[in-house]
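Q: For reference, the structure I am asking about is given below.
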Amino acid sequence: GEEDCMAGLRQYIAEEGIQMSEQRLFRFANFHRFHLDKVKDALDENRDNAFMDLQMRSDMKGQFVTKLLFPLSGLRTKKNNSQVIYSNPSRCNKEKDDMTKVLESLCYVMNDFSQTEQQCRDGIALVSNLEDFKMEHFDPQEWHQFLLALQGTLVPTKVTTVLLVNPPSWFKQDVYKKMRSSMPAHFRRNVHIITSDKLEDYLMEDYRAYLPTEMGQGYRLADEIIEDYVDLKAFEDKQKRHLIV
């Protein structure tokens, strides 16, 4: 069970000389469903994973300010009580937006939403607003990378739901079929194409109070959500840096 797995992992990191907090150990264990050998392999592979230790510094702040991806703090899904990340891929500027930066901001929020055992168990959800998404925004390679990241390939995070909201018809007809075929079955089951009026089926009751105004009658300004988040995290990360010294 869980306890045996955790005990085995504590022993393993002591033997291997891996420095890791109990919390991070649990995060890996939970992601790999407490399968001891799988978790050990993951710990080995992630010894120098820079995506696990991202901080809210100026380049990261700059990425959140593009409003391409940001967390909706306080919002949860109905089913798993998962915390929610919002994205608007139509803001992707192919020339300027380096996919690595987008992935870093995704991983930053995934890390932030995986700080406690309960958060790890609850997982996270993604609400992606595709209303203004145009063919020229679409890069198959980048979407592939993003979808892999949502499957926990960069940082171990359980994604319970992916809602692709109000996508244009070309996306549904051409792109999505190909995309689905490349997803593993367990992940595919959690990906849903919906119209914004169906958000209420997936999100908690007063979800509009947390959504940005650009979507589904949301009440909050995206700029304010981001400013609040960036300020809080910059402060917290700074505190952490001082504590470590």
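The values are calculated or read from the model by the stated rules, or taken from the named source; none is laboratory data. Just so it is clear, the structure is predicted and the values come from calculations on it, not from any experiment. Here Cβ is always computed from backbone atoms with ideal geometry, including for glycine, and neighbour counts include all displayed protein chains. Protein only, heavy atoms only, side chains kept; ligands, DNA and RNA dropped before computing areas. Shrake-Rupley method; radii C 1.70, N 1.55, O 1.52, S 1.80 Å.
Q: When the chain is fully extended, how far beyond the present Cα-Cα distance does K238 get from R47, taking 0.36 nm per residue of separation?
A: Numbers: separation 191, 0.36 × 191 = 68.76 nm, distance 2.34 nm.
Working it through step by step, the gained length comes to 66.4 nm.
Q: How compact and how long is the chain, expressed as Rg and Dmax of its alpha-carbon atoms in Å?
A: Computed over the Cα atoms of the chain, radius of gyration and Dmax are 18.3, 55 Å.
Q: Quick one: Cα convex hull volume of the range 52-149, Å³ per residue? Can you show the working numbers first?
A: Numbers: hull volume 10.8 nm³, N = 98.
Enclosed volume per residue, from the Cα hull, is 110 Å³.
Q: Now, a different point. For the range 191-231, report the convex hull volume of the alpha-carbon atoms normalised per residue, in Å³, without decimals.
A: Working: hull volume 3.6 nm³, N = 41.
Per residue, the Cα convex hull of the range 191-231 comes to 87 Å³.
Q: With a cut-off of at most 14 other beta carbons within 10 Å, and DSSP calling the residue loop, which chymotrypsin sites (Phe, Trp or Tyr not before Pro) in the range 12-60 qualify? Please list them. Can you show the working numbers first?
A: Working: sites: Y12, F26, F28, F31, F34, F51; in loops: F34.
Here no loop site has a sparse enough neighbourhood.
Q: With +1 on the Cβ of every Lys and Arg and -1 on the Cβ of every Asp and Glu, and nothing else charged, how large is the dipole of the range 197-245 about its Cα centre, in debye rounded to the nearest 20? Provide the component values of the computation, followed by the final result.
A: Values: 7 positive and 13 negative charges, 82 e Å.
For the range 197-245, the charge dipole is close to 400 debye.
Q: What's the center-to-center distance, using Cα atoms, between the range 153-209 and the range 117-137 in Å?
A: So the separation of the two Cα centres works out to 7 Å.
Q: Past the 32 Å Cα-Cα mark, which pairs from K134/K198; K40/K198; K67/K177; K38/K198; K158/K198? List each step's numbers first, then the result.
A: Working: K134/K198 22 Å; K40/K198 40 Å; K67/K177 27 Å; K38/K198 37 Å; K158/K198 23 Å.
The pairs that break the limit, which is 32 Å between Cα atoms, are K40/K198; K38/K198.
Q: If you count only protein heavy atoms with a 1.4 Å probe, what accessible area per residue comes out for the chain, rounded to a whole Å²? Numbers along the way, then the final one.
A: Details: 12730 Å² over 245 residues.
So the chain comes to 52 Å² accessible per residue, rounded to a whole number.
Q: Give a quick list of GluC sites (Glu not before Pro) in the range 94-196 that DSSP marks as loop, anything other than H, G, I, E or B, with at most 10 other Cβ atoms within 10 Å. Each step should come with its number before you reach the end.
A: Numbers: sites: E95, E104, E117, E131, E136, E142; in loops: E95, E131.
Filter output for the range 94-196: E95.
Q: Additional query: Quick check: convex hull over the Cα atoms of the range 144-245, volume per residue in Å³, rounded to an integer? If you can, show how the numbers build up before the last one.
A: Values: hull volume 14.9 nm³, N = 102.
Per residue, the Cα convex hull of the range 144-245 comes to 146 Å³.
Q: Determine the sum of side-chain charges near R180: Lys and Arg each +1, Asp and Glu each -1, restricted to other residues whose C-beta is under 15 angstrom from that of R180. Please report the intermediate quantities before stating the final value.
A: Values: positive: K172, K177, K178, R188, R189; negative: D174.
Once positives and negatives cancel, what remains is +4.
Q: Now, a different point. Run the quick spin-label model on E200 and Y176: label points 7 Å from Cα toward the beta carbon, then report their separation in nm to one decimal.
A: In this crude spin-label approximation the distance works out to 2.1 nm.
Q: Could you tell me the largest-minus-smallest coordinate of the C-alpha atoms of the range 103-192 on each of the three principal axes, in descending order and whole angstroms?
A: The Cα atoms of the range 103-192 stretch 40, 25, 22 Å along the principal axes, largest first.
Q: Taking the Cβ of C120 as the centre, find all other residues whose Cβ is under 15 Å away and add up their charges (Lys, Arg: +1; Asp, Glu: -1). Spell out each step's value before the answer.
A: Details: positive: R24, R27, R33, R76, R121, K158; negative: E2, E22, D112, E117, D122.
Combined, the nearby Lys, Arg, Asp and Glu give +1.
Q: Top to bottom by accessible area (1.4 Å), largest first, where do H144, H137 land? Walk me through the numbers before you get to the answer.
A: Values: H144 80, H137 35 Å².
Descending accessible area places them as H144, H137.
Q: Considering amide H positions built from the backbone, and no H for Pro or chain starts, which residues 5 or more places from G152, or on another chain, come under 5 Å of its amide H?
A: Amide H neighbours of G152: T157.
Q: Would you mind calculating the relative contact order of the chain from Cα pairs under 8 angstrom and at least 6 residues apart, reporting the percent as a whole number? Don't skip to the end; give the middle numbers.
A: Working: 331 pairs, mean separation 47.8, N = 245.
Answer for the chain is 20 percent.
Q: In the range 139-245, what chymotrypsin sites (Phe, Trp or Tyr not before Pro) fall in a loop by DSSP, with at most 14 other Cβ atoms inside 10 Å?
A: Numbers: sites: W143, F146, W170, F171, Y176, F187, Y202, Y207, Y210, Y219, Y229, F235; in loops: Y210, Y219.
Passing both the DSSP loop test and the Cβ count: Y219.
Q: I need the P(r) histogram for the range 2-59: all alpha carbon pairs, bin width 10 Å from 0 out to the longest distance, whole percents.
A: Calculated P(r), rounded to whole percents: 22, 55, 16, 6, 0.
Q: For a quick check of understanding: with a 1.4 angstrom probe and all protein chains in place, what accessible area in square angstrom does L154 have, to the nearest ten?
A: About 40 Å², rounded to the nearest 10.
Q: While we're here: Let me check against my output: what whole-number percent is the relative contact order of the range 1-113, with C-alpha pairs under 8 Å and at least 6 apart?
A: On the way: 89 pairs, mean separation 25.2, N = 113.
Normalised by residue count, the contact order of the range 1-113 is 22 percent.
Q: What net charge do the residues around V230 carry, taking every other residue with its C-beta under 13 Å from that of V230, with Lys and Arg at +1 and Asp and Glu at -1?
A: Neighbour charge sum, excluding V230 itself: -4.
Q: Something else now. Rounded to whole Å and sorted largest first, list the principal axis extents of the Cα atoms in the range 1-119.
A: 46, 34, 20
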